[in-house]
Amino acid sequence: FDAWKADFKAATVSAKLSGWGLLVYDRLGSQRLLNVLVDEHHYGAIWGGVPLVACDVFEHAYYHKDGPGRAKYIDNLLAGLHWGRINDRFKKHCK
């Protein structure tokens, strides 16, 4: 789990200016869970993928509360995830 969190954070914090960090189930391709950065809404998207965790890293999402601290914002988001709901979504859409 710690390795997944570190990988998700690394992918998400790497947005050039803005974008989304996603945990996606690649339903049409590899049939795997993937951490991806979707820069500027569309670069890097897994088309046909099922998003399970989405982290908005456009400045409006974090700058007011955390200032330029994108990494702190991502840590706070990860700490507040509701894994029961994420698991329910996985079972419903990914099997």
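The values are calculated or read from the model by the stated rules, or taken from the named source; none is laboratory data. These numbers were taken from a predicted model, which means no experiment stands behind them. Please note: Cβ atoms are built from the backbone with ideal geometry, for glycine as well, and neighbour counts cover all protein chains shown.
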Among (1) out of contact with any Cys (no Cβ under 8 Å at 6 or more places or on another chain); (2) closer than 26 Å to P68 by Cα, there is one condition W20 misses while meeting the rest; what is its number? (1)
The conditions are (1) of a type outside the set (A, V, I, L, M); (2) more than 12 Å from the chain's Cα centre (by Cα); (3) at pLDDT below 90, and G29 fails exactly one of them. Which is it? (3)
Got a number for residues in the range 51-94 being aromatic (F, W, Y), closer than 24 Å to A15 by Cα and assigned to a helix (DSSP H, G or I)? 3
Go through the range 3-49 and report how many residues are assigned to a strand (DSSP E or B) and surrounded by 14 or more Cβ atoms within 10 Å (Cβ to Cβ). 14
If H93 meets every condition in (1) surrounded by 15 or more Cβ atoms within 10 Å (Cβ to Cβ); (2) touching a Leu at 6+ places or on another chain (Cβ under 9 Å); (3) touching a residue at least 60 places away in the same chain (Cβ under 8 Å) apart from one, which number is that one? (1)
Within the range 41-95, of all residues that are hydroxyl-bearing (S, T, Y) and modelled with pLDDT under 90, the one farthest from G19 (Cα to Cα) is Y63
Residue under question is A6, and the condition is that it be of a type in the set (A, V, I, L, M, F, W, C), modelled with pLDDT under 90 and over 10 Å from the mean Cα position of the chain (by Cα); does it hold? no
